[in-house]
Amino acid sequence: MKIKAALITAMTWVLVLVFFFPVLWMFLNAFKSENDASSIPPKFLFTPTLEGFQLAWDRGMATYMANSLFASVGATLLILLLAVPGAYALSIRPVKKTQDTLFFFISTRFLPVAAVILPLYMIFKSLGVLDNIIALGFVYAAINLPIAIWMMRSFFLEVPREIVEAAQLDGAGLYKELTKVVLPLVLPGIAAVGLIVFIFSWNEYFLATLLTTSDAKTTPPFLASFVDGRGLFLGAISAAASLATLPVIIAGWVAQKQLVRGLAMGAVK
Amino acid sequence: MARDQVSAPPEPLSLEKIRKRQDWQRRSILLPALIFAIVMTQVPFLVTIGYSTFNWNLLKPNDFAFVGFDNYVTVFTSGDLWPSIVATVLITTLAVVLSLVIGLFFAILLDRSFRGQAIARTLLITPFLIMPAAASLIWKYSMFDTNIGVINWVVSSLSLPPIEWSTDYPLATVVIVLVWQFTPFMMLILLAGLQSQSKEILEAASVDGAGVWRTFQWITLPHLRTYIEISVLLGTIILLQVFDPIAIMTKGTGGTKTLSYLLYERAFIGLNVGEAAAYGVIAVVLTILVASAALRTMFKVFLDGGGK
């Protein structure tokens with residue numbers, strides 16, 4: 001029995017490491033010279049260098065990451081501002097209308113981005129906000145708002161009714177009831193929603209590549225531009241990809257539990 | 001009289017009264033979100049439907065005219081639509097099913113307690129956190145590449161002929177990257193499901209002499225049903241829109257031209273707004289068809305606010 005358990009554990013670890021290998025390989029290649037990075041057989045021992053990072057940096061990576069950060073943080077804040085009251089309104093006294101509105105919100109998440117990109121592109125063009133990072137942030141807020149409202153509602157539903165009712169009897173207005181009583185209780189949930197929305201925005205490529213060209217370009221289109229580059233820069237690509245993914249990887253590692261709940265839209269406790 | 005009124009005890013505030021008084025207020029705080037969603041997603045969608053009835057090519061601005069359903073006729077007879085629907089459905093189905101099966105397998109493995117369990121789980125969820133554009137690049141160059149890719153190094157170490165992934169198996173490359181990214185997603189939700197199983201029932205089953213497989217089949221799987229439905233639904237919604245690995249790895253070659261990518265090509269390379277809009281509308285219809293069946297089951301779950 002003990003041997004069997006040990007074997008299963010060993011197998012688990014082997015499979016996990018195989019799965020993780022591409023990520024590990026990306027981080028290793030990031031610190032290799034181009035010759036080491038493209039060597040066959042692959043080099044696991046090498047003299048680390050920052051050449052790849054230097055090249056990514058010289059191509060203006062800092063600007064693109066700053067754009068990504070601006071659009072993602074902006075979208076996250078706007079979403080929280082809209083979704084907190086929105087989800088609260090939908091979490092109390094479920095009536096037929098609430099269900100219809102909920103259905104409307106979830107259905108907008110089913111709407112492929114492809115269905116709205118053309119008008120958005122045309123409107124942005126005529127308003128002169130193509131390649132504008134604020135405009136991109138607004139679009140990110142719009143496409144992630146439904147999922148945020150859904151997740152947040154599930155957290156609000158868990159607030160014990162008695163607490164809210166007690167506050168109401170004490171004469172707390174809606175604003176006080178929400179900010180002083182309910183919000184402190186669902187803060188971890190709100191953090192989870194914020195994190196997920198941030199990740200989705202940070203990783204988004206389709207809209208970014210269509211709605212931005214240079215000034216407002218974000219990290220994903222910048223990474224994709226390596227594809228058309230001449231020659232192979234595996235070291236540089238890996239360095240750029242490492243920088244681009246590291247913030248989200250760390251955030252995801254730290255907030256695993258909240259991530260699960262949020263991703264399953266509250267259907268998983 | 002005035003004195004009477006003053007001394008009369010204030011009417012006690014009942015919850016019912018408070019609720020009624022605040023009812024409009026409670027509903028109105030939804031309005032900003034609702035208006036924002038309508039303006040940014042619903043209105044553009046209606047405009048897309050409008051666009052799809054015009055002959056509108058940015059290269060030929062003088063030919064702009066209302067053409068009714070002509071774009072749809074063009075789209076349906078062009079021979080591009082059907083392969084694209086097949087590609088979309090095939091890629092989505094393969095990716096969802098494979099990542100669900102592998103995800104379930106990993107969830108079962110990680111549900112045991114063993115040394116380094118938390119670290120193993122943390123490493124395993126990482127692919128899901130990787131930016132899809134970065135994942136596609138890394139796989140394209142460091143894994144699949146014929147000359148310097150790790151996979152072909154392994155293959156040739158086994159003295160097998162190298163695999164030309166990008167030319168011979170473009171669909172497989174896309175599906176592999178998607179499965180790699182979505183397996184952790186499925187695993188996380190299913191693991192949460194496994195861990196919410198009642199230990200007593202499992203023990204009772206084992207006392208009753210039910211074997212591992214029978215316990216899994218009769219107790220665990222039914223319990224996991226909700227979680228499987230959720231992960232399949234969410235995975236399907238996201239994957240039906242897949243664009244990033246196709247744009248970066250295959251550019252739509254070899255049966256990987258999904259509806260998203262086809263629309264992108266028509267609109268932003270061909271500059272044919274009318275036809276692209278028609279593809280957009282068709283993409284929506286397809287999404288609704290595929291997802292609504294699943295949604296009807298799921299919606300009940302969501303409304304109840306959670307699984308068991």
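Of B:Ile49, B:Ile219, B:Ile237, which has the largest mean-square fluctuation in a 10 Å C-alpha GNM of chain B?
Residue with maximal mean-square fluctuation among B:Ile49, B:Ile219, B:Ile237: B:Ile219.
Rounded to whole Å and ordered largest first, report the semi-axes of the equivalent ellipsoid of the stretch B:134-213 derived from its Cα gyration tensor (root of 5λ).
Here the semi-axes work out to 41, 17, 9 Å.
With θ taken as phi - 60° and the coefficients 6.51, -1.76 and 1.60, list the Karplus ³J(HN,Hα) couplings across the stretch A:162-175 in order, rounded to whole Hz; mark glycine and proline as x.
Ordered by residue, 3J(HN,Hα) equals 4, 4, 5, 5, 4, 4, 5, 5, 6, x, 5, x, 4, 5 Hz.
Treating only the Cα positions of chain A as identical point scatterers, give the base-10 log of I(q)/I(0) from the Debye formula at each q in 0.10, 0.13, 0.15, 0.17 Å⁻¹.
-0.68, -0.98, -1.13, -1.27
Find the Cα radius of gyration of the protein assembly as shown, compare it with 2.2 N^0.38 Å by division, and give the number to two decimals.
Compared with the compact-globule rule of thumb, the protein assembly as shown sits at 1.06.
Could you run the Karplus curve 6.51 cos²θ - 1.76 cosθ + 1.60 with θ = phi - 60° over the stretch A:56-64 and give me ³J(HN,Hα) per residue in whole Hz, x for Gly and Pro?
Per-residue couplings from phi come out as 4, 5, 4, 7, x, 4, 4, 4, 5 Hz.
By the gyration tensor of its Cα atoms, with a ≥ b ≥ c the square roots of the eigenvalues, what is the shape of chain B: rounded for a/c under 1.5, prolate for a/b over b/c, or oblate?
oblate
Counting each DSSP H run of 4 or more residues in chain A as -39500 (n - 2.57), what helix-only mean residue ellipticity at 222 nm follows after dividing by all residues, to the nearest 500 deg cm²/dmol?
Rounded to the nearest 500, the figure is -23500 deg cm²/dmol.
Could you please rank B:Met187, A:Met61, placing first whichever residue has the fewest other Cβ atoms within 10 Å of its Cβ?
Starting with the residue having the fewest Cβ neighbours, the order is A:Met61, B:Met187.
Would you pull out the residues with amide H under 5 Å of B:Phe54's amide H, same chain only if 5 or more places away, H placed 1.01 Å from N?
B:Val67
Thinking of the stretch B:158-303 as a set of Cα atoms, what percent of all their pairs are more than 23 Å apart?
Percentage above 23 Å: 56.
Please get the size of the charge dipole for the protein assembly as shown, origin at its Cα centre, with Cβ charges of +1 on Lys and Arg and -1 on Asp and Glu, quoted in debye to the nearest 20.
1280
To make sure I understand, if each residue's beta carbon is the centre and we count other beta carbons within 10 Å, what order do A:Tyr121, B:Tyr227 fall in, fewest to most?
A:Tyr121, B:Tyr227
Using θ = phi - 60° and the Karplus relation 6.51 cos²θ - 1.76 cosθ + 1.60, list the HN-Hα couplings for the stretch A:114-130 in order, rounded to whole Hz, with x at every Gly or Pro.
These are the phi-based 3J(HN,Hα) values: 4, 6, 10, 5, 4, x, 4, 4, 5, 5, 4, 5, 6, 7, x, 10, 5 Hz.
For A:Thr212, which sequence-distant residues (separation of 5 or more, or a different chain) have an amide H within less than 5 Å of its own amide H, given hydrogens modelled in the peptide plane?
Under 5 Å from the amide H of A:Thr212: A:Asp131.
Based on alpha-carbon atoms only, what is the radius of gyration of the stretch A:123-269 relative to the globular estimate 2.2 N^0.38 Å?
Expressed relative to 2.2 N^0.38 Å, the Cα Rg reads 1.37.
Show log10 I(q)/I(0) for the stretch B:47-170 at q = 0.19, 0.22 Å⁻¹, two decimals, from a solvent-free Debye sum over equal Cα scatterers.
With no solvent term, the Cα-only Debye profile gives -1.17, -1.26.
With unit charges on the beta carbons (Lys and Arg positive, Asp and Glu negative) and the dipole taken about the Cα centre of chain A, which residue among A:Ala241, A:Asn144, A:Leu223 sits farthest to the positive side?
Value: A:Asn144.
Using 1/(1 + (r/R0)^6) with R0 = 45 angstrom and r between the beta carbons of B:Trp24 and B:Ile119, what's the FRET efficiency to the nearest 0.05?
It comes to 0.30.
State log₁₀ I(q)/I(0) for the stretch A:7-55 at q = 0.17, 0.24, 0.29 Å⁻¹ as given by the Debye formula over alpha-carbon point scatterers of equal weight, solvent excluded.
Each listed q maps to, in turn, -0.58, -0.85, -1.04.
What percent does the relative contact order of the stretch A:148-269 come to when contacts are Cα pairs within less than 8 Å and at least six residues apart?
The value is 35 percent.
Just the C-alpha atoms of the stretch A:1-105: what Rg/Rh do they give, with Rh taken as the Kirkwood radius?
1.26
Which one, A:Pro41, A:Ala62, A:Ala135, projects farthest toward the positive side of the charge dipole computed for chain A from Cβ point charges (K/R +1, D/E -1)?
Value: A:Pro41.
A short reminder: the numbers here are calculations on the coordinates, not readings from a lab. All figures in this text were calculated on a predicted structure; none of them were measured in a lab. So basically every Cβ, Gly included, is an ideal-geometry build from the backbone, and we count neighbours across all protein chains shown.
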